[in-house]
Amino acid sequence: MNVRQINWPLWAGVLLTLIAGFSYIAVFIWFPITRDFPWVNLLMFAVAAVFLWLGLRRGFARDRAHPTRSKIVASVLTTFSVLIIALFLFSYFVFARWLPPSTGAPQVGQKIPEFTLPDSSGRQVSLNELLTTPIEGKPPKGVLLIFYRGYW
Amino acid sequence: MCNSELRGIEKSLASFNQAGIRPVAISVDSPEDSRKLMEQAGYTFPFLSDQKTEVIRRYDLLHKGAGENGTDIARPAEFLVDRTGTVRWLNLTENYFRRARPEQVLDKANLLE
């Protein structure tokens, strides 16, 4: 196969799409500045879209050695990439917002209901104990309760 | 995901200690699972288990069917509680990926006496 016949922009677009998608989970999720809003990934998707557009045009150009194959490859890979981009956008902008409204949660100024739960060693720990057990020899000023989904 | 937030807390633990704020993580995980997670990730602040979602439901934080195999879990939420047990600040995120940052919480330390 003639190297000059390879549709480089198309493949670059596909590769960048994959990197843009997976790097959010693998890398950028670990830094609040790129986690809270995935601007790095959106930028990469934008660049990938330009490559995909160029690749699609090249795939449908008249001077291709194998016009039919070239069109099919360009169409399939572009569709695949667009689906990945759509999946990412859906995950962040739609799916991630499907959270219960929690209107009944304790509000600022309210007393938070007392609880007793086992810690990682199975010992029962009360909120009162958390609020009174000294931190580095000094009584605590407060407790930050962090509810999270759990290990998976 | 959750680990990104918890790791940030662990990294800022010295600042939390200095501010007199004790971070506490709560989930539906068993004490055994929490212990494994803490060992693996190097977390040193307390992890509590609410396997029956009793506290999670009392605080209206239940996210039905969002866990593995459709189990109920807690939605992400953070509460800063002062020594009298009064809520001084809370964060109920509207987007799963957007979480409270340690510096954001430490900024609120002045709300505590």
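Readers should treat all values here as calculations from the given coordinates under stated rules, not as data from a laboratory. Worth saying up front: this structure is predicted, and the values here are computed from it rather than measured. Positions of Cβ are backbone-derived with ideal geometry, glycine not excepted, and every protein chain shown enters the neighbour counts.
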Open item on the list: With n ≥ 4 as the cut-off for DSSP H runs, can you work out [θ] at 222 nm for chain B, using -39500 (n - 2.57) per run divided by the number of residues, rounded to the nearest 500?
Closed with: -9000 deg cm²/dmol
Task: Positive minus negative residues near residue B:96 (Lys, Arg vs Asp, Glu; Cβ under 13 Å) - done: +3
TODO: Calculate, axis by axis, the spread of Cα positions in chain B along the three principal axes, and write the results as whole Å, longest axis first.
DONE: 41, 30, 26
- [ ] Rank B:17, B:69, B:95 by mean-square fluctuation in a GNM of chain B with C-alpha springs under 10 angstrom and give only the top-ranked residue.
- [x] B:69
Task: Packing-based ranking, highest mean first, of B:103-110, B:50-57 given that Cβ atoms within 10 Å are counted - done: B:50-57, B:103-110
Task: For residue A:151, residues with placed amide H under 5 Å, excluding near neighbours - done: B:29
Open item on the list: Using 29 Å as the Cα-Cα cut-off, could you pick out the over-long pairs in A:138/B:11; A:138/B:64; A:111/B:64; B:52/B:108; B:11/B:108?
Closed with: A:138/B:64; B:52/B:108
Open item on the list: Please list, in order along the range A:96-112, the HN-Hα scalar couplings obtained from phi with the Karplus expression 6.51 cos²θ - 1.76 cosθ + 1.60 (θ = phi - 60°), rounded to whole Hz, x for Gly and Pro.
Closed with: 5, 9, 7, 10, x, x, 6, 5, x, 5, x, 9, 4, x, 8, 6, 8
Open item on the list: Please report the net charge: other residues with Cβ closer than 15 Å to the Cβ of residue B:32, K and R +1, D and E -1.
Closed with: -2
Open item on the list: Taking beta carbons within 10 Å but only from partner chains, what does the mean come to for residues A:88-95?
Closed with: 1
Task: Kirkwood hydrodynamic radius over Cα pairs of chain A, then Stokes diffusion coefficient at 37 °C and 0.692 mPa s, in µm²/s - done: 163
Task: Interchain or long-range residues, amide H under 5 Å from residue A:115's placed H - done: A:127, A:128
Open item on the list: Please check: in the Gaussian network model of chain A (C-alpha springs, under 10 Å), which one of A:99, A:83, A:42 has the largest mean-square fluctuation.
Closed with: A:99
TODO: Mind checking B:25-34 for the average number of partner chain beta-carbons within 10 Å of each residue's beta-carbon?
DONE: 6
Task: In Hz, Karplus ³J(HN,Hα) per residue of the range B:32-39 (6.51, -1.76, 1.60; θ = phi - 60°; x = Gly, Pro) - done: 5, 5, 5, 4, 5, 4, 4, 5
Open item on the list: Which three extents, in angstrom, do the Cα atoms of the protein assembly as shown have along their principal axes, listed largest first?
Closed with: 78, 35, 33
Open item on the list: I'd like the distance separating the alpha-carbon centroids of the range A:58-77 and the range B:64-113, in whole Å.
Closed with: 52
- [ ] Within 10 Å of each Cβ in peptide A:28-41, how many partner chain Cβ atoms are there on average? Round it to a whole number, please.
- [x] 3
- [ ] Could you work out which residue, out of A:125, A:47, A:73, moves most in a Gaussian network model of chain A, that is, has the largest mean-square fluctuation with Cα springs under 10 Å?
- [x] A:125
Open item on the list: Nearest 10 degrees is fine. How inclined is helix B:2-11 to the longest principal axis of chain B, computing both from alpha carbons?
Closed with: 30
TODO: State, to one decimal in nm, how far the label point of residue B:68 lies from the label point of residue B:4, with both points 7 Å from Cα in the Cβ direction.
DONE: 2.1
Task: Residue-wise HN-Hα coupling along the range A:21-36, computed from phi with Karplus coefficients 6.51, -1.76, 1.60 (Hz; x: Gly, Pro) - done: x, 6, 5, 5, 6, 7, 10, 6, 5, 7, 10, x, 5, 9, 8, 4
Open item on the list: Can you compute the FRET efficiency between residue A:66 and residue A:43 using 1/(1 + (r/R0)^6), with r the Cβ-Cβ distance and R0 = 51 Å? Round to the nearest 0.05.
Closed with: 0.90
Task: Neighbourhood net charge (13 Å Cβ-Cβ; Lys/Arg +1, Asp/Glu -1) for residue A:57 - done: +3
